[in-house]
Amino acid sequence: MSKNASCPRVDIGGQAVMEGVMMKAPDAIAITVRRPDGNMIVQRKEYTPAAKKHKWLGWPIIRGVVNMGSMLAMGMSTLEDSMKMLGEDFEEEPSKFEKWLAEKLGKNIDKVVMGVAIVLAVILAVGLFIGIPSGVEWLTGKLIGFDAAAQADSWKGVFVTVVGGLTKVIILIGYMFLCGLVPDVRRTFQYHGAEHKTVYCNENDLPLTPENAAPFTTLHPRCGTAFMLIVMVISMVLFLFVGRDIAAWLPRFLLHLALLPVVAGVSYEVLKGLAHSDNWFTRIARWPGLQMQRLTTKQPDKKMLEVAIVSMNVALHGMPEGAPRTEEGWAILTSYKQSEPGYVFPAEDAAEENEA
C-alpha cells in the first residue's frame, strides 16, 4: 500500500485526552500524546469486541448498554494511560481504603484505584443527572399540588416530568460550559475537534493529512456529546409514559435509575440511526446534538491534527515497522507521516533513538 493511501471506510470512534487523542478501530485502540519536546508517543492495544465473544451482546438495544459500560471503563483506562505517556507524575498515593480493598480482593492496586474512580464517576453522574432532577421534579410537584391524592391530574404529572427533563439538559449545558472555562480542559476540547476532523477525513476517503482534515467541521453526529443530549431527551419522553404519576422523590429516583439501561440502549440506536441517514428529518433531529458540541469542541492547530492522524493510522494499520521505542515500549514519532501504512523506519534511526 502506498504511503498516501486513504484509510478503509469503517466507523471509528475516539476520545480526546490530555495533549492527545485516542482512536478506536474495530479491533484495536491507539493513543497518541505530544510531549513538551515535540515528540509524539504512541501506544496500541488490540481488543475483541464483546459482540464477537457473545453474539447476543450485539443485539439492538443491548449493544447500547454494553457500549456505554465498555466506553466508561475504556475511557478511564485511556486517561490513565495518556497521563503516563506524557512522562509526568500524575499519580496520587492510594488511600488506605484502596490499599485495604486491593489486599482483600487480591487485585493489583492500580486496578482497584481505577475501579474506585469508575464507581465515583458513576455516583457523580447519577447524582447530577438523576438525583438532582428527581428532586426538582418532587419540589415542582409540591408547588403545583401534585401528590398522592392528586395523581389523577395527569397534566401535573406531564408538567413535572418535562421540568425534570429540562433540568437535566440545563445541568448538562452548565457542566460543559464550566469545564470549558478551565484552560487545560479547553485545550483538550481542541484535541476533541482534531479527532472529529480526522474522522471526517477518513469517512470522506481522503488521505490523512492536516491539510485535508483542517477544512472539516468539529461537529460530528456520532459524538458522545450528542449521545448525552439524546439520552436526556429519550428519558424525558419515556417517563412521560412510564411513572409520570409517581409523586414521591425516592420512587421517581429509583424508577429513573432502574430504566437507565433501557434509555441508554434506545439512545444508542437513535444516535446510530441519525448518524447514518441523511434526509430532512435526520438533519433536523441531529441539529441540537451538533450545536451542543460547540461547547466541547474547539478549533485545533496543525500539531493537534497530526496527533489525531497518527492515532487513526495506528489504530487501523498497526505500529509503523521499526519505530524507535521508549523504555515502556511506546513508539516515538516525530512526524505524522511516519504512521502512514507502509512506512518503515530506517534501522539506524531506530537504533540511535533507542540508545539515546
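Pop a pseudo-label 7 angstrom from the Cα along the beta-carbon direction at both A51 and L139 and give the gap in nm to one decimal.
Going by the 7 Å Cα→Cβ label model, 4.2 nm.
Relative contact order of the chain: what whole-number percent is it, with Cα pairs under 8 angstrom and at least 6 residues apart? Kindly include the intermediate steps, with their values, before the conclusion.
On the way: 522 pairs, mean separation 95.5, N = 356.
Across the chain, relative contact order equals 27 percent.
Is the shape of segment 160-242 best called rounded, prolate or oblate, per the rule: a/c under 1.5 gives rounded, else a/b larger than b/c gives prolate, else oblate, with a ≥ b ≥ c the square roots of the Cα gyration tensor eigenvalues? Working shown, then result.
Details: a/c = 5.18, a/b = 1.84, b/c = 2.82.
Since a/c reaches 1.5 but b/c is at least a/b, the shape of segment 160-242 is classed as oblate.
Of K53/K303; K55/K84; K53/K272; K84/K303, which pairs sit farther than 28 Å apart, going by alpha carbon to alpha carbon?
Checking Cα-Cα distances, K53/K303; K55/K84 exceed 28 Å.
Between L120 and E321, how high is the FRET efficiency from 1/(1 + (r/R0)^6) when r is the Cβ-Cβ distance and R₀ = 35 Å? Nearest 0.05. Could the numbers behind the result be given before it?
Details: r = 41 Å, r/R0 = 1.18.
Approximately 0.25, to the nearest 0.05.
Taking 0.36 nm per intervening residue step and subtracting the Cα-Cα distance, what contour gain separates E211 from S154 on full extension?
14.9 nm
By how many nm would the segment from I170 to L128 lengthen if fully extended, with 0.36 nm per residue of separation less the alpha-carbon distance? Working shown, then result.
On the way: separation 42, 0.36 × 42 = 15.12 nm, distance 1.08 nm.
Full-extension gain reported as 14.0 nm.
Using a Förster distance of 56 angstrom, determine the FRET efficiency expected from the C-beta separation of I61 and Q299, and round it to 0.05. Kindly include the intermediate steps, with their values, before the conclusion.
Details: r = 36 Å, r/R0 = 0.65.
Step by step, r from the Cβ atoms, then E = 0.95.
At a Förster distance of 56 Å, what's the computed FRET efficiency of F241 paired with N204, Cβ-Cβ distance as r, to 0.05? Show your work: numbers first, answer last.
Numbers: r = 40 Å, r/R0 = 0.72.
Plugging the Cβ-Cβ distance into 1/(1 + (r/R0)^6) gives 0.90.
Mind listing the Cα extents of the chain along all three principal axes, in Å, largest one first?
Computed over the Cα atoms, the extents are 82, 56, 43 Å.
Please list 3J(HN,Hα) in residue order for segment 24-36, calculated via the Karplus relation 6.51 cos²θ - 1.76 cosθ + 1.60 where θ = phi - 60°; whole Hz, with x for glycine and proline.
With coefficients 6.51, -1.76 and 1.60, one gets 10, 8, x, 10, 7, 10, 10, 10, 10, 10, 10, 7, x Hz.
Quickly rank 134-145, 193-204, 261-272 as a protection proxy: mean count of other C-beta atoms within 10 Å, highest first. Please list the in-between numbers first.
On the way: 134-145: 17.6, 193-204: 24.2, 261-272: 20.1.
Ranked by mean Cβ neighbours within 10 Å, highest first: 193-204, 261-272, 134-145.
Readers should treat all values here as calculations from the given coordinates under stated rules, not as data from a laboratory. No experiment lies behind these values; they were computed from the predicted model shown. For neighbour counting, all protein chains shown are included, and Cβ atoms are generated from backbone atoms with ideal geometry for every residue, glycine included.
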